[in-house]
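K.L.:
What follows is a single structure, and I will ask about it in a moment.
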2 protein chains.
Amino acid sequence: MGLQALFDVLSLARFYSFWRAVMRAEIISCGTELLLGHITDTNATYLARSLATVGIDLFFVSQVGDNLKRMVETLKRAWERSDLIVMTGGLGPTEDDLTREAISTLLGETMQVDHELERTLRAHFHGSNRPMPERNVKQATLIPSAQALPNPVGTAPGWFVQKDGRILIAMPGVPREMYRMWEEEALPRLKPHLGATLFTRILRVYGMGESNVEEALGKLTTSTNPTVATYAKEDAVDVRISAKATTAEAAEKLVSEMELQARQVLGSHVFGIDNDTLASVVGGLLQARQQTLGVMESLTGGLLSSMITDVPTSSRHFIGGLVTYSTDLKVQMGVPRAVIEKYGVVSEETARAMAHAVRVQLGTSFGIGITGVAGPDPVDDNPVGTVYIAVEGPEGVATSMGPGWRTGRKDSKRLAALSALDLLRRTLEGVVTVQ
Amino acid sequence: MGLQALFDVLSLARFYSFWRAVMRAEIISCGTELLLGHITDTNATYLARSLATVGIDLFFVSQVGDNLKRMVETLKRAWERSDLIVMTGGLGPTEDDLTREAISTLLGETMQVDHELERTLRAHFHGSNRPMPERNVKQATLIPSAQALPNPVGTAPGWFVQKDGRILIAMPGVPREMYRMWEEEALPRLKPHLGATLFTRILRVYGMGESNVEEALGKLTTSTNPTVATYAKEDAVDVRISAKATTAEAAEKLVSEMELQARQVLGSHVFGIDNDTLASVVGGLLQARQQTLGVMESLTGGLLSSMITDVPTSSRHFIGGLVTYSTDLKVQMGVPRAVIEKYGVVSEETARAMAHAVRVQLGTSFGIGITGVAGPDPVDDNPVGTVYIAVEGPEGVATSMGPGWRTGRKDSKRLAALSALDLLRRTLEGVVTVQ
């Protein structure tokens, strides 16, 4: 066995023992209202995020209706394949609420009224001056393997079940009751069972499709710790880098090393991290230089201004926007009619004249002009999706031409507005040539 | 056996034969980003609702990560217990996208490139002037049991699989691609397998909360055929009326009778049906009268213009918008400085002056002015969420004042823009008093 092979075996052994320490979790959300589409399972999203931050791997989420047979079937499978099962819903007082019954059936244990819980429950009703319906007594039951999780904001206590090396947590489905119980009762009881901490950073990428980003990242995406994964979002491609370690600092260090490598291949396509948007990054750059912005938009019809003003501090750098949808309004706002007549309303020259006009009219450091064809009909000889963008600043003009997106009116608007913000960002960062 | 008992048995038999014809459905949502809590599974909610409206019973929803073994395990169980499996996600071009592989493994069939699909895919990339990464070819594969579901708004076609009396539908995870594919490709292919014909009409309601709409509808919501259900959407409350019958005509008649009753209680809050938006309804009314519109917006920062220009024919009635984010720009565009100084920039008087100024500057039939506080900080004594709206037209001015929405910047912008469109709609329909 050569040195490298020995090293590989040792790494594998270390990785394997690490993996053994990590819990395999599963979420089961109970309630027929989920399966009718009356509510969305945001509880699962909340729990999934929380599990990720404490380094617990979540492998499955299941929704099941208020039906004892199907609940037990789902629970049984979870009990076989997972170390931790987190259930929400089905703890109410009515006949439809069957989570306690399903757990008791699964474990072959009998539910019994816990007198301490019953006293607390009666006190809760007494405190709110309501008589307690007798059916509510079922909310005061336990089985031998279960500990109660107090619920000071509702009537249903949760269950924390430990048996055969597994943990099962059952909480109410009402989000605010569940959030509180999870944070204050369940997580503290789980912590002693955890081995590792997770740290995550997202790199936000513009100007490359998801498959191109993945191709550029190459074998970085096959790394197991940190993991590197790409996600296509409405406004960017996200590269999510997550690492696990015994301390938060060690996990962050692993992420930072991987981030350096990813940034090397993605270059200036990375415009920000985590919650950054193109508009917030551009806003930050302008405010740092005490510069201002005005836009004149036609194709995007106000969407560019709206993206810019989604940023809370935008009034510090954004003076205003002119949505010059008609040609006459473009002229009225300072675009020379001769330019439009010579080059056409959808042309690079008109985009340049729009950027210049708005910069002059509004007296801003930068002006953006956008013109194009949103559809449904072509304009002159320009197909639907054509877009011309110009950014004029103190040092000159940068332009870009859209590739003719054809995915529909709203997408054309969105992609054109994002591209305009990206062109301004590149201008501000000095990574694009101005003339 | 008495008459009543006989009747009960007959009803039960009829119900049972109906139930036999009903498909047992299951949803599988694929994507590690779901299990990390990065996104919420709203696709499942959408599909659950749609299945309910066509009378298909949904028994399970599962989320599974991008892992072939776990995907096949989940699929296998679904294949055993369900007649219809609807999958979303995992159809992208990257190595993480394993839905096709999982289905092929489940059914023991081999994926092969379909040359017609490959041609379409290459044409899609060619049309958007991008080179096609070779890995995308996997999006052009099929297995013998699968039919392709076209996806004109993205690169991933879906699969419609029929085998052994079961149907499996795989669609992309991107919501707008999935919605379109489900409505236009998958549902029509499912229809022949359903027992009855369903007809649905949506009444779109603005200016009432979902619970108020439900309260107003009263016992109409307990009707079983047609069913009447309310859904809170971003831009309206939808009242969905669905009826089943043996013919489409009979189902439509049932819906129309119920629609009359619903409209009686909801009155002028109903602004349209099905795919109507406030902007499309307003656009239609203006175009019918050959009238035009201009807007001056501050709080909404371009969003009102953007909503208006989301309507394909908007260039026929929308002249343009002025996003006067700074006070100086308001004055430059014709709002008297004296009005702003006397009443404040956030006031009914300033909204009126903005509506008047843009109507004069742009020479339009109608002008809308919006001013308010988007946050994060209050302006003068006005709390975050305050909004004043004015609509000036040939017959006078209508105004409304927002209730001080405090749900965040983007929500404040959205609600203010929608309220402005609704005020214009009411003005055009003559159901609001102008002064």
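K.L.:
Given the structure, is B:Ala357 out of contact with any Pro (no Cβ under 8 Å at 6 or more places or on another chain) and among the aliphatic types (A, V, I, L, M)?
P.N.:
Taking the combined requirement at face value, the residue satisfies it.
K.L.:
Then there is this: Hey, among B:Leu98, B:Leu106, which residue is among the aliphatic types (A, V, I, L, M), in contact with a Phe, Trp or Tyr (Cβ under 9 Å, 6 or more places away or on another chain), crowded, with 18+ Cβ neighbours inside 10 Å and away from chain A (no Cβ under 11 Å)?
P.N.:
Only one candidate qualifies: B:Leu106.
K.L.:
Confirm whether A:Ser268 is hydroxyl-bearing (Ser, Thr, Tyr), over 29 Å from A:Lys330 (Cβ atoms) and free of Cβ contacts under 8 Å to residues at least 60 places away in the same chain.
P.N.:
No, not satisfied.
K.L.:
Run B:Arg100 past the list (1) out of contact with any Ser or Thr (no Cβ under 8 Å at 6 or more places or on another chain); (2) at pLDDT 95 or above; (3) of a type in the set (Lys, Arg) and report the number of the one that doesn't hold.
P.N.:
(1)
K.L.:
Moving on to the next point. Would you check if A:Ser223 is surrounded by fewer than 20 Cβ atoms within 10 Å (Cβ to Cβ), within 29 Å of B:Gly89 (Cβ to Cβ) and small (Gly, Ala, Ser)?
P.N.:
Answer is yes for this residue.
K.L.:
Continuing with this model, one more query. Kindly indicate the residue of the range A:34-44 that is surrounded by fewer than 24 Cβ atoms within 10 Å (Cβ to Cβ) and more than 7 Å from chain B (Cβ to nearest Cβ) and also farthest from the chain's Cα centre (by Cα) among those meeting that condition.
P.N.:
Within the range A:34-44, the match that is farthest from the chain's Cα centre (by Cα) is A:His38.
K.L.:
Further question on the same structure: Taking the options B:Ser326, B:Ser298, B:Ser280, B:Ser305, name whichever one is within 13 Å of chain A (Cβ to nearest Cβ) and within 18 Å of the chain's Cα centre (by Cα).
P.N.:
Result of the check over B:Ser326, B:Ser298, B:Ser280, B:Ser305: B:Ser280.
K.L.:
Right, next: Taking the options A:Leu303, A:Leu286, A:Leu299, name whichever one is over 20 Å from A:Gly372 (Cβ atoms), in contact with a Ser or Thr (Cβ under 9 Å, 6 or more places away or on another chain) and touching a residue at least 60 places away in the same chain (Cβ under 8 Å).
P.N.:
It is A:Leu286.
K.L.:
More than 21 Å from B:Ser268 (Cα to Cα), exposed (fewer than 15 other Cβ atoms within 10 Å of the Cβ) and of a type in the set (A, V, I, L, M, F, W, C), is that true of B:Ala338?
P.N.:
It is true that B:Ala338 is more than 21 Å from B:Ser268 (Cα to Cα), exposed (fewer than 15 other Cβ atoms within 10 Å of the Cβ) and of a type in the set (A, V, I, L, M, F, W, C).
K.L.:
Continuing with the same structure: Scanning the range A:332-388 for residues that are closer than 30 Å to A:Arg289 by Cα and of a type in the set (S, T, N, Q), which turns out nearest to the other protein chains (Cβ to nearest Cβ)?
P.N.:
Of everything passing the filter in the range A:332-388, A:Gln361 is nearest to the other protein chains (Cβ to nearest Cβ).
K.L.:
Then there is this: Say whether the condition of being surrounded by fewer than 20 Cβ atoms within 10 Å (Cβ to Cβ), over 23 Å from B:Lys191 (Cα atoms) and more than 10 Å from every other protein chain (Cβ to nearest Cβ) is met by at least one residue in the range B:145-154.
P.N.:
No: the range B:145-154 contains no residue that is surrounded by fewer than 20 Cβ atoms within 10 Å (Cβ to Cβ), over 23 Å from B:Lys191 (Cα atoms) and more than 10 Å from every other protein chain (Cβ to nearest Cβ).
K.L.:
Let me ask another. Could you list all residues from the range B:37-74 that are in contact with a Lys or Arg (Cβ under 7 Å, 6 or more places away or on another chain), modelled with pLDDT under 95 and more than 25 Å from B:Ala243 (Cα to Cα)?
P.N.:
Correct list: B:Gly37 only.
K.L.:
Right, here's the next one. So A:Val161 passes all but one of these: (1) within 14 Å of chain B (Cβ to nearest Cβ); (2) part of a strand (DSSP E or B); (3) touching a Leu at 6+ places or on another chain (Cβ under 7 Å). Which condition number does it fail?
P.N.:
The one condition A:Val161 does not meet is (1).
K.L.:
Using the structure shown, decide if B:Leu47 is more than 11 Å from B:Leu106 (Cα to Cα), crowded, with 23+ Cβ neighbours inside 10 Å and more than 7 Å from every other protein chain (Cβ to nearest Cβ).
P.N.:
The answer is yes for B:Leu47.
K.L.:
While we're on this one: Filter the range B:21-79 for residues that are among the hydroxyl-bearing types (Ser, Thr, Tyr), under 21 Å from A:Leu75 (Cβ atoms) and in contact (Cβ under 8 Å) with a residue 60 or more places away in the chain and give the result.
P.N.:
B:Ser29
K.L.:
For the range A:195-222, which residues satisfy the criterion of being of a type in the set (Gly, Ala, Ser), within 13 Å of chain B (Cβ to nearest Cβ) and over 22 Å from A:Leu424 (Cα atoms)?
P.N.:
A:Ser211, A:Ala216, A:Gly218
K.L.:
For a quick check of your reading: which strands (runs of 3 or more DSSP E) sit entirely within the range B:191-254 and have at least 3 residues that are farther than 20 Å from A:Glu33 by Cα and of a type in the set (A, V, I, L, M, F, W, C)?
P.N.:
Result: B:197-205.
Listed here are the residues, each with its yes/no results for (1) in contact with a helix residue (DSSP H, G or I) (Cβ under 6 Å, 6 or more places away or on another chain); (2) over 30 Å from A:Val432 (Cβ atoms).
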position	(1), (2)
A:Ala148	yes, yes
A:Gln162	no, yes
A:Glu183	no, yes
A:Gly195	yes, yes
A:Thr227	no, yes
A:Arg240	no, no
A:Ala243	yes, yes
A:Thr246	no, yes
A:Val255	no, no
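K.L.:
May I pose another question? Can you tell me which residues in the range A:364-392 are in contact (Cβ under 8 Å) with a residue 60 or more places away in the chain and either among the hydroxyl-bearing types (Ser, Thr, Tyr) or under 14 Å from A:Met333 (Cβ atoms) (or both)?
P.N.:
Hits for the range A:364-392 are A:Thr364, A:Ser365, A:Gly367, A:Ile368, A:Gly369, A:Ile370, A:Thr371.
K.L.:
Turning to a different aspect of this structure: If a residue counts only when it is within 23 Å of A:Ala279 (Cα to Cα) and assigned by TED's automatic domain parsing to the domain that holds B:Val387, which helices (runs of 4 or more DSSP H) contained entirely in the range B:283-362 have at least 1 such residues?
P.N.:
B:303-309, B:327-332
K.L.:
Taking the range A:179-204 only, how many residues are under 19 Å from the mean Cα position of the chain (by Cα) and touching a residue at least 60 places away in the same chain (Cβ under 8 Å)?
P.N.:
7
K.L.:
When only residues in the range B:259-282 that are touching a Phe, Trp or Tyr at 6+ places or on another chain (Cβ under 7 Å) and part of a helix (DSSP H, G or I) count, which is surrounded by the most Cβ atoms within 10 Å (Cβ to Cβ)?
P.N.:
B:Leu278
K.L.:
For residues that are polar (S, T, N, Q) and closer than 17 Å to A:Glu101 by Cβ, scanning just the range A:139-196, find the one that is modelled with the lowest pLDDT.
P.N.:
The residue in question is A:Gln139.
K.L.:
Sticking with this one: Report, by residue number, each residue of the range B:59-69 that is within 12 Å of B:Thr99 (Cα to Cα) and either under 29 Å from the mean Cα position of the chain (by Cα) or crowded, with 18+ Cβ neighbours inside 10 Å (or both).
P.N.:
The answer is B:Val64, B:Gly65, B:Asp66.
K.L.:
Same structure, new question: Take the residues in the range A:389-426 that are surrounded by fewer than 18 Cβ atoms within 10 Å (Cβ to Cβ) and within 20 Å of A:Val281 (Cβ to Cβ), then tell me which one is farthest from the other protein chains (Cβ to nearest Cβ).
P.N.:
Ranking the qualifying residues of the range A:389-426, first place goes to A:Glu395.
K.L.:
Oh, and also: From the set of residues in the range B:205-240 that are more than 16 Å from the chain's Cα centre (by Cα) and touching a residue at least 40 places away in the same chain (Cβ under 8 Å), which is nearest to B:Pro192 (Cα to Cα)?
P.N.:
For the range B:205-240, the residue satisfying everything is B:Thr227.
The values are calculated or read from the model by the stated rules, or taken from the named source; none is laboratory data. On a predicted model such as this, the values are computed, not experimentally measured, just so you know. Ideal geometry is used to build each Cβ from the backbone, glycine not excepted, and the neighbour counts take in all protein chains shown.
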